[in-house]
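The values are calculated or read from the model by the stated rules, or taken from the named source; none is laboratory data. Since the structure is predicted, the reported quantities are computational estimates derived from the model, not experimental observations. Every residue, glycine among them, receives a Cβ derived from its backbone with ideal geometry; neighbour counts consider all protein chains shown.
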Amino acid sequence: MRIGLLTGGGDCPGLNAAIRAVVRRAYELGHQVLGFLEGWRGPIENLTKPLTPDSVSGILHVGGTILGSSRTNPAKIPNGYEKILENLRKNELDALIVIGGEDTLSVAAELHNRGFKTIGIPKTIDNDVYGTDYCIGFFSAVTYVADAIDRLHTTAWSHRRVIVVEVMGREAGWLTLYGGLAGGADWIMIPEVQPSLDELVAHVKRRYDSGKRFSIVAVAEGVKIPEIENKVKVEERDAFGHVRLEKKGIAMRIADYLKEQGFEARHVVLGHVQRGGSPVVFDRLLGTRFGVAAVDALQGGKSGIMVGLQGISIVEVPLTEVREKSPRLVPQELWELTRVFY
């Protein structure tokens with residue numbers, strides 16, 4: 001077979017591990033691999049890069065993606081899907097492996113529905129793709145979040161401040177919850193649970209009254225707080241229609257509210273550094289397992305599925321289910337775990 005490969009959406013650590021695994025496994029089985037550059041822009045504009053075992057040598061530990069990425073949405077481009085299918089056929093490809101989050105994988109599902117053999121691999125630091133316990137990039141990002149909160153404890157304690165830490169996460173709070181728990185945050189706010197500024201203020205006051213005159217608040221960027229939502233309207237959106245949450249400034253606005261209540265407060269936006277750097281061991285292994293499993297699925301004649309991880313086992317999930325049921329949200333029992341430590 002001739003197999004196409006692309007990475008779409010936001011970058012994250014572990015993508016190159018998956019690319020490497022796809023290429024190594026494919027060549028072991030006698031197949032060829034053609035990479036598309038810059039996400040879905042690649043097959044739309046026919047931007048390609050041949051991939052061989054030599055070209056992917058030494059990239060296992062490297063962050064980002066050697067193929068580049070983008071948030072290009074074929075549905076928003078005139079004849080976008082037709083251009084993709086035309087270029088896939090022009091390059092004489094038999095199948096396409098797509099590495100991405102829910103938006104990227106929804107495009108993969110559409111290509112399968114249009115008759116082209118397609119396999120998905122889940123990646124996103126948000127960890128919110130349906131059908132898999134973990135996505136490529138999550139553990140590397142959450143390790144950085146926990147480390148950042150660790151470091152902020154000392155400056156918050158030294159200056160007797162409340163520091164509000166903004167973590168990525170549009171609809172799901174996996175990154176904030178895991179990072180907050182591991183870093184010892186004193187209050188955690190995620191999109192799945194309606195937050196209350198009054199409860200936050202009361203908690204910080206209780207800490208002050210008990211002698212703990214500092215606090216770390218971890219908040220997901222997608223959290224919606226009525227008192228703030230009514231004041232802020234963000235119109236800028238990406239190609240898939242998502243609001244540009246960095247324009248909302250949720251951490252800054254929570255810190256401003258705490259200042260109004262008499263606290264010394266600051267905010268920190270972790271931003272895109274959460275996506276950067278070398279992948280931790282878990283993401284290197286996960287990318288490796290997913291890459292091999294994707295090629296094996298094609299070898300077995302499969303199409304229209306995403307390879308995922310459930311427990312310690314690789315599973316196959318229909319891309320139509322991934323598209324319809326994402327995002328995967330934090331369950332109530334995990335949220336209740338955070339309350340033990342407040």
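Taking the range 250-298 as the search range and keeping residues that are without any contact (Cβ under 8 Å) to a residue 40 or more places away in the chain and among the charged types (D, E, K, R), which one is surrounded by the most Cβ atoms within 10 Å (Cβ to Cβ)?
ARG253
Considering each of ALA26, ALA17 in turn, give the residue that is farther than 21 Å from ASN91 by Cα and either crowded, with 21+ Cβ neighbours inside 10 Å or in the same structural domain as GLU86 (by TED's automatic domain parsing) (or both).
After ruling out the rest, the residue left standing is ALA17.
Tally up the residues in the range 202-212 that are touching an Asp or Glu at 6+ places or on another chain (Cβ under 9 Å) and either crowded, with 16+ Cβ neighbours inside 10 Å or not in a loop (DSSP other than H, G, I, E, B) (or both), please.
Here the count works out to 3.
Being crowded, with 22+ Cβ neighbours inside 10 Å and within 24 Å of ARG284 (Cα to Cα) is the requirement here; does LEU96 meet it?
So LEU96 passes the test.
Quick grid of which residues meet (1) over 21 Å from PRO122 (Cβ atoms); (2) under 25 Å from the mean Cα position of the chain (by Cα); (3) assigned to a strand (DSSP E or B):
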site	(1), (2), (3)
PRO13	no, yes, no
ALA17	no, yes, no
VAL22	no, yes, no
TYR27	yes, no, no
GLY35	no, yes, yes
GLY39	no, yes, no
GLY42	no, yes, no
ASP54	yes, no, no
GLY58	yes, yes, no
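Residues in the range 25-39: is at least one farther than 20 Å from ALA293 by Cβ and in contact with a helix residue (DSSP H, G or I) (Cβ under 6 Å, 6 or more places away or on another chain)?
Within the range 25-39 (the criterion being farther than 20 Å from ALA293 by Cβ and in contact with a helix residue (DSSP H, G or I) (Cβ under 6 Å, 6 or more places away or on another chain)), the answer is yes, since at least one residue qualifies.
Of the numbered conditions (1) assigned by TED's automatic domain parsing to the domain that holds ALA255; (2) surrounded by fewer than 24 Cβ atoms within 10 Å (Cβ to Cβ), ALA218 satisfies every one except a single condition; which is it?
It fails just one condition, (2).
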